[in-house]
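First up is the structure itself, then whatever we jot down about it.
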Amino acid sequence: MTTKVFRLASIALGASLTLGAFAVPVFAAGDNSSTTPTCKKGEIYDQKAKKCVKQQGANVTDENRADYAYSLAKKDHRYQEALAVLDTMKNPNTAEALNYRGYATRKLGRTDEGISYYQKSVAMDPKYTLVREYLGEAYVIKGQMDLAKDQLSTIKTLCGNTTCEEYRDLHAAILNPSTL
């Protein structure tokens, strides 16, 4: 009996390991930076073709370029490369592109420059909660807690609660600025 149980357990374990080898990673919805593969320098991930292609001359949409730049910055901390990708956009003046440019410049230590991009993004889309989170974080870095709390309050109004990710992240940064 023990040999049969051991044999069945071995078969089950082997099957689960085999199936695990074919499993596809599952990522949280919403933040494309966690699901977008990153490529070597000089390439961009083409979401339509599902592969890395040469950045220059690639027939990739501006939205794709913006998403890829954000992925470089957010996931891989390749801020300068993210800015270079944003520079290849035909129309870099979208709320998302300006937000991502602000994020990369802030992470490079150019907080005031980042704030100016965030403010332009907010002016284009006042309901864009991610830019408000990042703007609030920039204010935390500058020690301007009143302005950070204003952004937190606006996010709460836009989300309708205090459970959305942008609210939680900015609230945590206000409570513990050393995490930024």
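The values are calculated or read from the model by the stated rules, or taken from the named source; none is laboratory data. Note that the structure is predicted; figures quoted are calculated from it, not measured. Backbone-built Cβ (ideal geometry, glycine too); neighbour counts: all protein chains shown. All accessible areas refer to the heavy atoms of the entire protein, side chains included, with ligands and DNA or RNA removed. Shrake-Rupley method; radii C 1.70, N 1.55, O 1.52, S 1.80 Å.
General remarks:
- For T61, the shell of other residues with beta-carbons less than 10 Å away shows a net charge of -1, using +1 for Lys and Arg and -1 for Asp and Glu.
- In the complete set of protein chains, residue-level accessible area for T157 is approximately 110 Å², probe 1.4 angstrom.
- Per-residue SASA entry for L130, accessible area with 1.4 Å probe, Å² rounded to 10: 30
- Exposure rank, largest accessible area first [R78, R106; 1.4 Å]: R78, R106
- Using the average count of surrounding beta-carbon atoms within 10 Å as a protection proxy, the listed peptides 121-127, 37-43 rank, highest first, as 121-127, 37-43.
- For the listed peptides 95-103, 68-76, 171-179, 139-147, a ranking on the average number of other beta carbons within 10 Å per residue, highest first, reads 95-103, 68-76, 139-147, 171-179.
- Carbon + sulfur, % of accessible area of the range 94-179 - ligands and nucleic acids excluded, 1.4 Å: 48
- Alpha carbon Rg of the range 39-92, scaled by the compact-globule rule 2.2 N^0.38 Å: 0.97
- Across the range 154-162, coupling constants 3J(HN,Hα) worked out from phi with the 6.51/-1.76/1.60 Karplus curve, θ = phi - 60°, read 5, 4, 4, 5, 5, 7, x, 6, 10 Hz, and Gly and Pro carry x.
- 22 Å Cα-Cα threshold exceeded, pairs from K90/K120; K54/K120; K48/K75; K48/K127; K40/K75: K54/K120; K48/K127
- Under a 5 Å amide H cut-off, with hydrogens placed 1.01 Å from N, C52 pairs with D46 among residues at least 5 apart or on other chains.
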